[in-house]
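Here's the structure, in structure tokens; my notes come after.
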Amino acid sequence: MFFLIDGLLYHREKHTSALTLVDRDHISLIQQECHDCPYMGHMSEDRTKERVSSTAWWPMREQELSEYINTCERCQKETRKHGKKYGLLQHIEEPKRPWETINMDWVTGLVPIP
């Protein structure tokens, strides 16, 4: 259900309070304010959706918020992945002659020293 109050268009879904219907031009601003907010940090997808859902509505809101958050560059860089842990160190038997065993440690992502 849609209704107009003081020049603002509102939308109400079943069992919810009235939400401001957002103009397409303002969606990216709302996404930035609710997710990239400097004093609150980059919130999770659920928390960002909860924050936006309490005040604003537009068609495809949930999908657009998910896409915005999942493509957030800062979140991609700083969010710890919850995949499998690295394997345990494996014992290497002591070689019986030189160059019998060769081992390499791969270290990547180091910041160059100026």
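Pairs meeting the criteria (first residue in the stretch 87-114 and of a type in the set (D, E, K, R), second residue surrounded by 10 or more Cβ atoms within 10 Å (Cβ to Cβ) and assigned to a loop (DSSP other than H, G, I, E, B), beta carbons under 9 Å, at least 6 apart or on different chains) are E93/T101; E94/T101. State whether one or more residues within the stretch 28-50 are buried (at least 16 other Cβ atoms within 10 Å of the Cβ), of a type in the set (D, E, K, R) and in a helix (DSSP H, G or I). Within the stretch 28-50 (the criterion being buried (at least 16 other Cβ atoms within 10 Å of the Cβ), of a type in the set (D, E, K, R) and in a helix (DSSP H, G or I)), the answer is yes, since at least one residue qualifies. At pLDDT 85 or above and either surrounded by 10 or more Cβ atoms within 10 Å (Cβ to Cβ) or among the hydrophobic types (A, V, I, L, M, F, W, C) (or both): does that describe E64? Spelling it out, E64 is indeed at pLDDT 85 or above and either surrounded by 10 or more Cβ atoms within 10 Å (Cβ to Cβ) or among the hydrophobic types (A, V, I, L, M, F, W, C) (or both).
The values are calculated or read from the model by the stated rules, or taken from the named source; none is laboratory data. Keep in mind it's a predicted model, so treat the numbers as computed, not measured. As a convention, Cβ positions derive from the backbone with ideal geometry for all residues, glycine included, and neighbour counts pool all protein chains shown.
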